[in-house]
Each structure stands twice: as C-alpha cells, then as structure tokens.
Amino acid sequence: MTATSPGPLRRDTGDRREDTHTARTALPTLLWIPAVGGFALIALPVFGLAWKADWIRLPELVTRPAALQALELSLRTAFVSTVLCVVLGGPLAVVLARGHLPGLRALRAVVLLPLVLPPVVGGLALLYLLGRAGLVGQYLETWFKIRIPFSTAAVVLAQTFVAMPFLVVSLEGALRMAGERYEEVAATLGARPWTVFWRVTVPLLFPGLGSGVVLAFARAMGEFGATIAFAGSLAGTTRTLPLEIYLQRESDVDAAVALSLLLVAVAALVVVLVRPRSAEGVR
Amino acid sequence: MRLAAAFATLALVATLSACGTGPGGESGRRTLTVLAAASLTETFGQLEKRFEAAHPDVDVRLALGGSSDLAQQIVHGAPADVFAAANPDTMGSVVRAGLADGAPRTFARNELSIAVPPDNPRKIGSLADLARDGVVVVLCAPQVPCGAASTKVQREAGVRISPASEEQDVKSVLGKILAGEADAGLVYVTDVNAQQGKVRGIPFPEAASARNDYPIAVVRGSERADLARQFVELVRGEAGRDALTRAGFEVP
C-alpha cells in the first residue's frame, strides 16, 4: 500500500532523515534527567507486573478457557472496531482537514470529546442513547426488536466510540502536514473532485494511517469503562480481556497479572508489527 | 536552552514535593481511617457523625468500596485503622497477611433480595420467574461475594438463571435496573432499602441459604489502635445495631 504514495512526499521524509544524520547536535545534559524519569514512569510499572507474575503457572493461566475466550472476543471486537474507525473516521478526517464549513472547529471539538471524557461517561452516554430506555434505543426495541446493550455489538460500539478520535487525529494530521497544494494542482489540471479524492487525498492519508490504525486498535483492545457501563460483562459475549482481568483480580490475583501481561504482549506485538515508517510519519 | 531545562527540572521537583505533602497537612485533628464495604455506606456514614460528635478532635475518614478491593489495599500497605468487610473470605485475606489485630467479629448479616423496577413490568414474584424466557436479568459475577450468594440460592431453589450480564459488584447490578436496562436482578436487602422506592424488593425464601456475615477488625499497625477499638465498639454496640437494623441488616 505504501508503495503507491506519491513521489514528492516520500522524498520529503527521506531528506529529513538524512539531515538528522549529517548534522547531529548534542542534547543538553539536563534534558536527560526528566527524560529518564518519564521513561521510568512508563517502563517500571510494566516491569513490576512482570516481576510479580508467576512465570511457571503463566502458560496454564493464559490458556484457561475463560482467558482464551476473552482474548478471542477482544481481538475480534477490536478488529471490527478498527475497521469501523477507518470506514467512518477516514472520511471524517478528510472533512475536518479539507472541508470548508462554518463551525468546523466546534465539530472537531465534538469529535475529540472521547479523548478527554472518562470512558465510563462515554458508556453511560451510549446507554442513554441506545439503551432500552434510551433516546433512540426505545424505538429500536419496540419497532425493530433490536436490543443493543448486553450484546457484542455494544462492545464494538463502545470501542469505536473511544478509539475513533485517535484515527481521526492521525489522518487529519497527515493531511494538514501535506498541505492542500497537491489537490489544488490536480484540480487545476482538470481532475474531478472524486478523482482528486481517490488519486491524491487518499494516498496523502497513508502516512497517518499506520499510526492511526495502531492507536485505534490498541485503544479498542484496552477499552474497559465504556464497555462495562454500556455492554455489561458476560463471558463469551461482552467480557473482553480487560473486563476479565478486572474480574479475576477479585478472586485470583495471579491470573489477573498473567492476563495483564498477555494484554501487554498483544499491544507490544501490534505496535511492533504495524509500526512501519508511517508511525513516525506524523510529525 | 539550559535555563529552560533547569526550570523544567525545578518545576518537576516542585510538583513531586507538592504531591508528597498530601492530605496530612492540617494538624491538630487526629484522623481515623475506616475501610468499609460499599453496602455499609449509609450506616457507617451515620456512625461516623456519631463518633466525631463524641470525639471532637477526631476526623473519621471513610473509604468505601468493594471488600476485595479494600482487602487488597490493606495488604498492599494502604493506611487503615479499621476494616469492615462484606464477607469472611475477604477479611480472611487480611488475617492471613497478619494484618488483623485480634480475631475479626461478625457484626451484621445481609441477605439477597430480588430487585425489580418499581412497577415490576415483568410481574416477577419468585426466583423461578427470573429463569423465564425474555426476562433480562443481571447478576453479580460468581467471583464476587454477591455473585457467590446468587449461585448458592439458585442451587437451593433448583433454578438456573441465564443472566444478560454478570457485573463486578452489587451497585452495578442496581445501576442496570435503575437505568431500565434490566427487568430484574439479585442484590442485597440493604441495597433495596437504600434506594428508597426507586427499586422494589421481592423477598424469596431461598435467600436464607446464602446469608453474608460482615466481619470487622482493627488493622494491625494502626497508630490509633485505641480509637480504632472504640469505633469497633460503637459499631457493635447499641447505636451501631440500631443503624444497621434500620438499613435492613440482621444483627447477631
């Protein structure tokens, strides 16, 4: 996919890399102190988790049926949520970056809301919209016999709600970085809006797509608050890995720690696998 | 550049040391920290006021939450003077860690009740009704005390409920009923009472098979062991029994 990105853009990033190599400037020493502190704050708790883990029982703990069921549900729902984020969030990012509407700033603020809301608030909001007694949910129930809470669909909705802004921000950033000149040139040369969109705007999205997808998927995998408030917790249907961890913590701390490490491993794997140059592409 | 970095470090240090002073700042009043199960919110709130009235120099701080959470906090070194749990198991983990001062005493007993919306739209009358098709039931997960009790009463009644959700704690079950998402749930009698009419309780005979004992203990290492013991006495004494009975607890 990345092979189709337009020439000029690639050369841009390439040049910048070379620059940093030839003119390497020394960092002020004092900067290292807070930097090391920041790194330690993130890395040490994960280390603490690994230290606390019962490594001998770990294989047995993470392959228990309840654990595998939760992992499978998490992967499945996070995948669907990420696809939804791309399908809905991609066009949204284009509109936010390129649209000329009054009130676009307010629109963007709304889109970014899930980033600053506690997820449990998002869950309650979804519940009061789509729940059985909710604004829309009551009609879904009486007219179509559709009930969303307590279903896997509710998990996907909760995850999409919290993960979408990550994708939108990444893609919008990529478009703003590239500027509008490519589209303008294409339009001057007589390309129709749809052609400009597919042949110019979409390739410009690619640098942000990798990091956006990784962030959205990771956020969906880790989703807890909105899910438990909106979807509930039932093995195989709505109990994703984070919910299983929270529940296991009540009765079997070792199992909770083992599952936490599993989640860390999956997250690390996703970041490593899908982190091509594009992950650093958003500057 | 250097100046900016120096400022950044200074700001960081200042922030951290500001965090360090914490709530212990004000002096003069002694603080007694009481960790209590969430179902004790109302009663312990009343007893807190009573204790503070009798000891004007003491500030009772109530930390309410799931018993297992609180027990873990104590085991991991959270400051605590008194611990009141919603079941013997969670108290057991504190005792095993050598953190209970003396044997825990049972001071209250709670039992399950069916909870339904005030108008009871599904006409629930017994535990067996919860197993009917199309009734959306929310229970506690079997891993937590109220869920263990729910499993027990089902076995006792020979009923198998398939819940729409197994929640983390009893307040979440109540929340789903209050939000109109569930037709019924199993909660404690005291939870129904505390809602004062926003949910209706339906007692059922099998509840007697799964009564929950609430133990209380002074936490070992408490700097105010004397005050802590006095608080335990208050809970187990007449005032405590009164408040607990009013909330719907049984008192031994």
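I'd like to check something: does region A:180-193 contain any residue that is assigned to a helix (DSSP H, G or I), crowded, with 19+ Cβ neighbours inside 10 Å, over 19 Å from the mean Cα position of the chain (by Cα) and more than 14 Å from every other protein chain (Cβ to nearest Cβ)?
Yes; the residues of region A:180-193 include at least one that is assigned to a helix (DSSP H, G or I), crowded, with 19+ Cβ neighbours inside 10 Å, over 19 Å from the mean Cα position of the chain (by Cα) and more than 14 Å from every other protein chain (Cβ to nearest Cβ).
Scan region A:253-271 for residues that are touching a residue at least 60 places away in the same chain (Cβ under 8 Å) and either within 13 Å of another protein chain (Cβ to nearest Cβ) or charged (D, E, K, R) (or both) and jot them down.
A:254, A:255, A:257, listed by residue number.
Before we move on, is residue A:128 more than 27 Å from the chain's Cα centre (by Cα) and among the aromatic types (Phe, Trp, Tyr)?
Spelling it out, it is not the case that residue A:128 is more than 27 Å from the chain's Cα centre (by Cα) and among the aromatic types (Phe, Trp, Tyr).
Out of the residues in region B:122-144 that are surrounded by 24 or more Cβ atoms within 10 Å (Cβ to Cβ) and within 14 Å of another protein chain (Cβ to nearest Cβ), which is nearest to the chain's Cα centre (by Cα)?
Among those residues, the one meeting the criterion is B:144.
Could you tell me whether region A:205-224 includes any residue that is within 14 Å of chain B (Cβ to nearest Cβ) and out of contact with any strand residue (DSSP E or B) (no Cβ under 7 Å at 6 or more places or on another chain)?
Within region A:205-224, one or more residues are within 14 Å of chain B (Cβ to nearest Cβ) and out of contact with any strand residue (DSSP E or B) (no Cβ under 7 Å at 6 or more places or on another chain).
Does region A:194-232 hold any residues that are of a type in the set (S, T, N, Q) and surrounded by 24 or more Cβ atoms within 10 Å (Cβ to Cβ), and which are they?
A:211, A:227
Can you pull out the residues in region B:162-176 that are buried (at least 22 other Cβ atoms within 10 Å of the Cβ), more than 8 Å from chain A (Cβ to nearest Cβ) and either among the aromatic types (Phe, Trp, Tyr) or outside any helix (DSSP H, G or I) (or both)?
Residue satisfying the conditions is B:169 alone.
Is at least one residue of region B:84-91 modelled with pLDDT of 95 or more and small (Gly, Ala, Ser)?
Yes, the conditions are met somewhere in region B:84-91.
Any residue in region B:78-95 that is more than 14 Å from every other protein chain (Cβ to nearest Cβ), in contact with a Leu (Cβ under 7 Å, 6 or more places away or on another chain) and aromatic (Phe, Trp, Tyr)?
Checked against the condition, which is being more than 14 Å from every other protein chain (Cβ to nearest Cβ), in contact with a Leu (Cβ under 7 Å, 6 or more places away or on another chain) and aromatic (Phe, Trp, Tyr), region B:78-95 yields at least one hit.
Check region B:146-155 and report whether any residue there is surrounded by fewer than 23 Cβ atoms within 10 Å (Cβ to Cβ), touching a Gly at 6+ places or on another chain (Cβ under 9 Å), farther than 30 Å from residue B:97 by Cβ and touching a residue at least 24 places away in the same chain (Cβ under 8 Å).
No, region B:146-155 contains no residue that is surrounded by fewer than 23 Cβ atoms within 10 Å (Cβ to Cβ), touching a Gly at 6+ places or on another chain (Cβ under 9 Å), farther than 30 Å from residue B:97 by Cβ and touching a residue at least 24 places away in the same chain (Cβ under 8 Å).
Assuming residue A:196 fulfils every condition listed in (1) in contact with a helix residue (DSSP H, G or I) (Cβ under 6 Å, 6 or more places away or on another chain); (2) more than 10 Å from chain B (Cβ to nearest Cβ); (3) touching a residue at least 24 places away in the same chain (Cβ under 8 Å) apart from one, which condition is it?
(3)
Taking the criterion of being within 12 Å of another protein chain (Cβ to nearest Cβ), more than 20 Å from residue B:179 (Cβ to Cβ) and aliphatic (A, V, I, L, M), would at least one residue in region B:145-153 satisfy it?
Within region B:145-153 (the criterion being within 12 Å of another protein chain (Cβ to nearest Cβ), more than 20 Å from residue B:179 (Cβ to Cβ) and aliphatic (A, V, I, L, M)), the answer is yes, since at least one residue qualifies.
Using beta carbons and a limit of 9 Å, which pairs, at least six apart or on different chains, have the first residue in region B:184-197 and within 20 Å of residue B:250 (Cβ to Cβ) and the second one assigned to a helix (DSSP H, G or I) and hydroxyl-bearing (Ser, Thr, Tyr)?
Pairs that qualify, where the first residue is within 20 Å of residue B:250 (Cβ to Cβ) and the partner is assigned to a helix (DSSP H, G or I) and hydroxyl-bearing (Ser, Thr, Tyr), are B:186/B:150; B:188/B:39; B:190/B:39; B:190/B:43; B:191/B:39; B:194/B:39; B:194/B:41.
Would you mention how many residues in region B:178-189 are buried (at least 24 other Cβ atoms within 10 Å of the Cβ) and closer than 18 Å to residue B:38 by Cα?
4
In region B:110-121, which residues are among the charged types (D, E, K, R) and surrounded by fewer than 17 Cβ atoms within 10 Å (Cβ to Cβ)?
Once the filter is applied, which keeps residues that are among the charged types (D, E, K, R) and surrounded by fewer than 17 Cβ atoms within 10 Å (Cβ to Cβ), region B:110-121 yields only B:119.
The values are calculated or read from the model by the stated rules, or taken from the named source; none is laboratory data. Keep in mind that what you see is a predicted model, and the values were worked out from it rather than measured. In this analysis, Cβ positions are derived from the backbone assuming ideal geometry, glycine residues included, and neighbour counts consider all displayed protein chains.
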